């Protein structure tokens, strides 16, 4: 109902408020009838408004782009992995933003599908489809992105790092540590300040660290002349044009490590359901009882969770199935 507005080209698409939160409420009143639904979605919209103002410096709906919603999805994913919100809550928060932006703009050009594009977990928290970045997609992205962003993708893929961890990594220091101890300490940018150790298990990891160290021009992978926030905005804008996402590289690490540690595939790779069906698959692979297969699965999931920086085994469900 854009025609009801005095000036659709004005701040916040002419929704009669200079405040994004209130403008969003006015949009919902335009496009919806249920007062209860309006109130619920508006509450979720306000969460987004607070985040995008603080993290992206945006105060006008006209400046919101798809790359910002991708970044918000990553933020919601982090909150889910920290145990702050349920999978359904993460999806609802992003869906609310999609709805408000759709009404405000009068089109569906700026939206991110929660699971397919945003990489958010299924409502059950258990991955069903493949969400890791394939070798083909990774190589396509590597041939198109800047050298520095390519280094970040490689760090995420080979060490299971979150975006912030890869950006704040001192690659030169990590390389020296890897050569000396056979592992890398991940400290900067971790959630909750929880440091962890990622083992060096192949030559590719050394090569990745060497390339990253050669690019590094400060104390981290962030350009010396940029702040972390500036670099993050630039990186998300660039990755938005590629067939990959940062979290998908981390999924690849988790699935690859599960296979390396156990010698058999996780549910999403094996094409079987989480739980009994997967335990039966493992039992057949190894010639052991289902109970023993279940124990092996739990043991390996615990290690993968630690290497990803999590204390909860159940978080691996969204990576492994």
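The values are calculated or read from the model by the stated rules, or taken from the named source; none is laboratory data. Please read all numbers here as calculations on a predicted model, not as lab measurements. Quick reminder, even Gly has a Cβ in these numbers, built from the backbone with ideal geometry, and neighbours come from all protein chains shown.
Numbers below:
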item: Within region 63-108, tally of residues that are under 22 Å from residue 29 (Cβ atoms) and in a loop (DSSP other than H, G, I, E, B); result: 4
item: Meets criteria (assigned to a helix (DSSP H, G or I) and at pLDDT 95 or above) for residue 255; result: yes
item: Every residue from region 130-157 that is under 14 Å from the mean Cα position of the chain (by Cα) and either more than 26 Å from residue 317 (Cβ to Cβ) or at pLDDT 95 or above (or both); result: 152, 153, 156, 157
item: Test: residue in region 94-113 that is closer than 24 Å to residue 191 by Cβ, in contact with a helix residue (DSSP H, G or I) (Cβ under 7 Å, 6 or more places away or on another chain) and surrounded by fewer than 18 Cβ atoms within 10 Å (Cβ to Cβ); result: no
item: Any pair with Cβ under 6 angstrom, 6 or more apart, that starts in region 111-138 at a residue that is outside the structural domain of residue 73 (by TED's automatic domain parsing) and under 23 Å from residue 257 (Cβ atoms) and ends at one that is at pLDDT below 90 and part of a loop (DSSP other than H, G, I, E, B); result: 119/245; 133/244; 137/243; 137/244
item: Condition met for residue 196 (under 15 Å from residue 309 (Cα atoms) and either surrounded by fewer than 21 Cβ atoms within 10 Å (Cβ to Cβ) or in contact (Cβ under 8 Å) with a residue 24 or more places away in the chain (or both)); result: yes
